[in-house]
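Below is one structure, written out as C-alpha cells, with a few remarks after it.
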Amino acid sequence: MCRRRLRRGRARQPGLVHAQPPVADRQEAVAYARLLVRRAHDAGLAVGQKNLAGFDGTKVSYDFAVAEECGRYRECASYVRHYGRRVLAVEYRRRDFRWTCRHVGARLPVELRDLDLSPTGVRRWC
C-alpha cells in the first residue's frame, strides 16, 4: 500500500481542496487513489477523476470525472463510457468549446474557461 504523504494544494475556490498524489508508477497510483477515495467517502465527500481518458476510475470508486479538453482530443466518449452523465467537460479554446457543445453538450455539462481559471476570467456554458 502506498504510504507517501498527500500533497494538498489550495483549490481556486474556497471550500474545495484538490489532491495530487506523489506516485511513482501505475500500480502505486491506483492503490493511492483507492485510499483517497475510501477516506473521502468515509468523510461524506464525492471524489472525481481528473483527465486520463483511458483509465476507468469507477474501478477505484471515483464518483465523477472532470475531462479537460476531451472535445479537443475527441476523448469525451471514453469518459461517458465509464461515468455516463457524471462528466464535466472543460474546454479552454473557443473552437473546441463550440465542437464539444455541438457533439456532447446535450448530454454533458460543457464549460469554457480561461487557462488560469481566474474568478473574473472566461466562463461560459453550452
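Rule-based calculations on the coordinates, nothing more; no lab input. Source: prediction; values computed, not measured. Note that we place each Cβ from the backbone using ideal geometry, even for glycine, and neighbour counts take in every protein chain shown.
Quick notes
- Proximal charge balance of G71 [Cβ under 12 Å; K/R count +1, D/E count -1]: +1
- Kirkwood Rh (inverse of mean 1/r, distinct Cα pairs), segment 43-88, angstrom: 10.5
- Label-point separation, N51 to R95 (7 Å along Cα→Cβ), nm: 2.1
- The residues neighbouring H103, those whose beta-carbon lies less than 14 Å from its own, together hold a net charge of +2 under the Lys/Arg +1, Asp/Glu -1 convention.
- Compactness of segment 66-107 - radius of gyration and Dmax, Cα, Å: 9.1, 26
- Globularity ratio of segment 35-117, using Cα Rg and 2.2 N^0.38 Å: 1.11
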